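One structure is given here, and the rest of the page talks about it.
The values are calculated or read from the model by the stated rules, or taken from the named source; none is laboratory data. Small disclaimer: the values here were computed from a predicted structure and weren't measured. For neighbour counting, all protein chains shown are included, and Cβ atoms are generated from backbone atoms with ideal geometry for every residue, glycine included. For the accessible areas, the whole protein counts, side chains as well, though only heavy atoms, and no ligand, DNA or RNA atoms are used. Shrake-Rupley method; radii C 1.70, N 1.55, O 1.52, S 1.80 Å.
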Amino acid sequence: MHSLGISVYPDKTPMEEVYAYMEKAAKLGYKRIFTCFLSIPEDERESYMVKFKGFMEKAHELGFTVAADTNPAVFDIIGATPDNLKPFADLGLDVIRLDGNFGTQGDIQITRNPYNIQIEFNASMDAGVELLINQGGNKDQMIMCHNFFPERYTGLDFDLFQDFNRYWKELNLHTAAFVSSNNENTIGPWQVFCGLPTVEIMRGLPIEVQARYLLATGDIDDILIGNYPATDEELEALASVNYQAIELRIDEVEEISDNEKMIMYDFAPHFDRYDHSSFMLRSSQPRVKFKAQKSVQDLWAENNNAPKIVSQSIPYRDPGKKVFTRGDVLVVNDNLAHYRGELEIVLTEIPDDGERNLVGTIKEEDLGLLEFIKPGYHFRFIK
């Protein structure tokens with residue numbers, strides 16, 4: 001089950017602004033909040049903890065689960081120990097993100113707290129979580145969350161990110177990672193302002209594109225916005241991400257026909273054939289309809305959906321290029337009637353032989369998502 005989350009830093013922002021932001025996110029279905037105790041000056045932490053309880057009450061009222069970054073120094077300040085998490089429970093905290101450790105036995109003790117507080121370990125490194133499990137840690141109260149990286153060029157390598165997540169999933173652990181708002185003048189726990197993503201190559205991409213890449217790997221459960229505040233448009237865009245299919249943004253050609261639009265959008269979700277070709281992804285279901293004896297209009301009407309289709313014909317249209325390249329979206333035309341209506345996405349360049357119409361091109365930022373569409377995997381287009 002996927003959840004979306006925001007990050008807030010109440011020690012750096014007027015509380016009324018924080019609450020307004022939380023209310024916006026809650027209305028859009030966000031369920032998690034990340035915050036940080038580490039960046040609060042040591043001489044202010046005790047007084048801040050008093051205020052924090054009111055913040056937790058508001059968060060729970062809005063339906064959020066709250067995680068806070070902590071370390072052994074924070075434990076000392078509020079009087080908590082590995083075998084006594086009552087001070088955190090009294091604050092109402094749901095998740096302790098452990099930045100630092102108390103040794104194997106101390107960390108095991110923390111995972112066995114009686115308050116049902118989840119213990120979140122750093123997913124961006126191997127901190128011996130498997131050892132904790134094997135030595136008696138309570139797996140039911142152990143989850144994983146990646147770091148975010150304020151400094152440009154320091155975020156996780158995408159391949160390493162995927163390797164870690166496969167490992168955590170082999171251990172059946174819940175995972176989370178951060179995407180970054182591109183809003184101006186956002187804040188985080190430290191005085192660095194280059195965004196707060198987990199994966200470096202995601203820095204600067206539209207927020208929903210970042211999320212679609214992370215989700216496409218298949219091993220990330222929750223997506224959290226690292227910096228504060230995201231724009232209203234970003235909150236809405238992230239909330240609209242499709243968890244069931246990989247979505248690809250496409251620029252349509254001007255000459256696209258109604259039949260071709262119907263094939264692209266109304267036959268979704270598409271899925272690549274199991275007899276996969278290295279030259280293209282092939283969505284063959286539309287061609288079944290275009291070969292049928294009944295008209296397409298009749299077939300769709302039987303399913304209570306009748307788009308405006310004039311005929312089953314898809315005439316050839318000159319694409320204006322001799323070679324189709326990676327990311328071109330094609331529909332087979334009348335010149336290859338047996339396959340007419342099949343939708344294809346080019347992976348490796350192929351010549352225009354007159355049998356396919358160019359209907360659009362996938363946005364450059366989304367081309368990397370093609371690597372994650374395996375045989376049978378669902379995908380959709382966003383205009």
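For the range 92-110, check the following and say yes or no: at least one residue is among the acidic types (Asp, Glu), modelled with pLDDT of 95 or more, surrounded by fewer than 17 Cβ atoms within 10 Å (Cβ to Cβ) and under 30 Å from VAL199 (Cβ atoms).
no
Please work out if TYR30 is part of a loop (DSSP other than H, G, I, E, B) and either under 24 Å from PRO87 (Cα atoms) or under 23 Å from the mean Cα position of the chain (by Cα) (or both).
yes
Could you go through the range 98-113 and let me know if any residue there is under 25 Å from the mean Cα position of the chain (by Cα) and under 21 Å from VAL8 (Cβ atoms).
Restricting attention to the range 98-113, the residues satisfying the condition of being under 25 Å from the mean Cα position of the chain (by Cα) are 98-99.
Filter again for under 21 Å from VAL8 (Cβ atoms), leaving 98-99.
The answer is yes, given that some residue of the range 98-113 is under 25 Å from the mean Cα position of the chain (by Cα) and under 21 Å from VAL8 (Cβ atoms).
Return a yes/no flag: does the range 315-338 have any residue that is at pLDDT below 95 and closer than 15 Å to SER283 by Cα.
Yes, that holds for at least one residue.
How many residues are surrounded by 13 or more Cβ atoms within 10 Å (Cβ to Cβ), modelled with pLDDT of 80 or more and of a type in the set (Val, Ile, Thr) when one looks only at the range 267-303?
0
Checking the structure you have, find out if any residue of the range 114-122 is crowded, with 20+ Cβ neighbours inside 10 Å, among the aromatic types (Phe, Trp, Tyr) and in a strand (DSSP E or B).
yes
Every residue in the range 69-89 that is open to solvent by 40 Å² or more (accessible area, probe 1.4 Å) and modelled with pLDDT of 95 or more, please.
Residues satisfying the conditions are THR81, ASP83, ASN84, LYS86.
Being in a strand (DSSP E or B) and either modelled with pLDDT of 95 or more or under 30 Å from GLU151 (Cα atoms) (or both) narrows it down to one residue among LEU248, LEU205, LEU214, LEU235; which is it?
Numbers: LEU205 fails: in a strand (DSSP E or B); LEU214 fails: in a strand (DSSP E or B); LEU235 fails: in a strand (DSSP E or B).
Answer to the check: LEU248.
Considering only residues that are without any contact (Cβ under 8 Å) to a residue 24 or more places away in the chain and more than 21 Å from HIS2 (Cβ to Cβ), which ones fall in the range 164-189?
GLU184, ASN185
Hey, can you tell me all the residues within the range 325-383 that are of a type in the set (Ser, Thr, Tyr), out of contact with any helix residue (DSSP H, G or I) (no Cβ under 7 Å at 6 or more places or on another chain) and either open to solvent by less than 20 Å² (accessible area, probe 1.4 Å) or in contact (Cβ under 8 Å) with a residue 40 or more places away in the chain (or both)?
THR348, THR361, TYR377
For the range 78-88, enumerate the residues that are more than 20 Å from GLU44 (Cα to Cα) and within 32 Å of the chain's Cα centre (by Cα).
Matches in the range 78-88: LEU85 only.
Among the numbered conditions (1) of a type outside the set (Val, Ile, Thr); (2) within 27 Å of the chain's Cα centre (by Cα); (3) surrounded by 16 or more Cβ atoms within 10 Å (Cβ to Cβ), tell me where GLY63 comes up short.
Of (1) of a type outside the set (Val, Ile, Thr); (2) within 27 Å of the chain's Cα centre (by Cα); (3) surrounded by 16 or more Cβ atoms within 10 Å (Cβ to Cβ), only one is false for GLY63: (3).
Go through the range 128-156 and report how many residues are touching a residue at least 40 places away in the same chain (Cβ under 8 Å) and more than 21 Å from ASP99 (Cβ to Cβ).
The qualifying residues number 2.
Kindly evaluate MET144 against the criterion of being under 25 Å from ARG203 (Cβ atoms) and open to solvent by 10 Å² or more (accessible area, probe 1.4 Å). It would help to see each step written out before you state the result.
On the way: under 25 Å from ARG203 (Cβ atoms): yes; open to solvent by 10 Å² or more (accessible area, probe 1.4 Å): no.
The answer is no for MET144.
Answer with yes or no whether LEU224 is farther than 17 Å from LYS363 by Cβ and outside any loop (DSSP other than H, G, I, E, B). Reasoning before the result, please.
On the way: farther than 17 Å from LYS363 by Cβ: yes; outside any loop (DSSP other than H, G, I, E, B): yes.
The answer is yes for LEU224.
Any idea how many residues of the range 192-250 are in contact with a helix residue (DSSP H, G or I) (Cβ under 8 Å, 6 or more places away or on another chain), surrounded by fewer than 20 Cβ atoms within 10 Å (Cβ to Cβ) and within 17 Å of TYR21 (Cα to Cα)?
So the count comes out to 3.
Tell me which of these MET264 doesn't satisfy, since it passes every other one: (1) in a helix (DSSP H, G or I); (2) modelled with pLDDT of 95 or more; (3) over 17 Å from GLY327 (Cα atoms).
Only one criterion is unmet by MET264, namely (3).
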